[in-house]
Amino acid sequence: QVQLVESGGGLVQAGGSLRLSCAASGTIFRIAIMVWYRQAPGKQRELVATITSGGTTNYADSVRGRFTISRDNAKNTVYLLMNSLKPEDTAVYYCNAHVLFKDSWGQGTQVTVSS
């Protein structure tokens, strides 16, 4: 199993930017599909962005063009750069690693966007 630790959340005004990081343990990170999810109060967890081991990315329609997912395999880290933040982006953001048919989760990091 992959150990994941997210960081970078915080409070930001609408229109601002944040960069989330997710540090992973182990060399198996290199073959993992990495995913950012988020969960707002009272709502189901939703997929935000994915990146494969080869660097192919995909985004939810709600964040496409504003968010960018990337990974640095040398640092075992995946990032989520969030620009033009909106109040509706407020949520706990979770990092997920999908590898060898197993999922690992981080503890989550809070992102709050004020209007």
Can you work out which of the residues in region 22-34 that are in contact with a Ser or Thr (Cβ under 6 Å, 6 or more places away or on another chain) and assigned to a strand (DSSP E or B) is most open to solvent (accessible area, probe 1.4 Å)? Ile33
Part of a strand (DSSP E or B), more than 20 Å from Thr112 (Cβ to Cβ), basic (Lys, Arg) and open to solvent by 30 Å² or more (accessible area, probe 1.4 Å): does that describe Arg19? no
Provide a single number: the residues in region 76-88 that are open to solvent by 10 Å² or more (accessible area, probe 1.4 Å), under 13 Å from Trp36 (Cβ atoms) and not aromatic (Phe, Trp, Tyr). 2
Contact list please: Cβ distance under 9 Å, first residue in region 11-30 and hydroxyl-bearing (Ser, Thr, Tyr), second residue open to solvent by less than 50 Å² (accessible area, probe 1.4 Å) and assigned to a loop (DSSP other than H, G, I, E, B), pairs at least six apart or on different chains. Ser17/Leu85; Ser21/Gly8; Ser25/Val2; Ser25/Asn76; Thr27/Asn76
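Results for (1) assigned to a loop (DSSP other than H, G, I, E, B); (2) out of contact with any His (no Cβ under 7 Å at 6 or more places or on another chain); (3) open to solvent by 50 Å² or more (accessible area, probe 1.4 Å); (4) aromatic (Phe, Trp, Tyr), shown as yes or no for each residue.
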residue	(1), (2), (3), (4)
Gln1	yes, yes, yes, no
Val5	no, yes, yes, no
Val12	no, yes, no, no
Trp36	no, yes, no, yes
Lys43	yes, yes, yes, no
Check whether at least one residue in region 64-75 is modelled with pLDDT of 95 or more and in contact with a Gly (Cβ under 9 Å, 6 or more places away or on another chain), and report yes or no. yes
Residue within region 45-65 that is of a type in the set (Asp, Glu), open to solvent by 30 Å² or more (accessible area, probe 1.4 Å) and closer than 19 Å to Gly108 by Cα present: yes
Check region 54-66 and report whether any residue there is out of contact with any helix residue (DSSP H, G or I) (no Cβ under 9 Å at 6 or more places or on another chain) and in contact (Cβ under 8 Å) with a residue 24 or more places away in the chain. no
Matching residues, region 89-106, being in a strand (DSSP E or B) and either without any contact (Cβ under 8 Å) to a residue 40 or more places away in the chain or open to solvent by 10 Å² or more (accessible area, probe 1.4 Å) (or both): Val92, Tyr94, His98, Val99, Lys102, Asp103, Trp105
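The values are calculated or read from the model by the stated rules, or taken from the named source; none is laboratory data. Being a predicted model, the structure only gives us computed values, none of them experimental. Here the Cβ is made from the backbone with ideal geometry for all residues, glycine too, and neighbour counts use every protein chain on show. We work out accessible area using only protein heavy atoms, side chains counted, and drop any ligands, DNA or RNA first. Shrake-Rupley method; radii C 1.70, N 1.55, O 1.52, S 1.80 Å.
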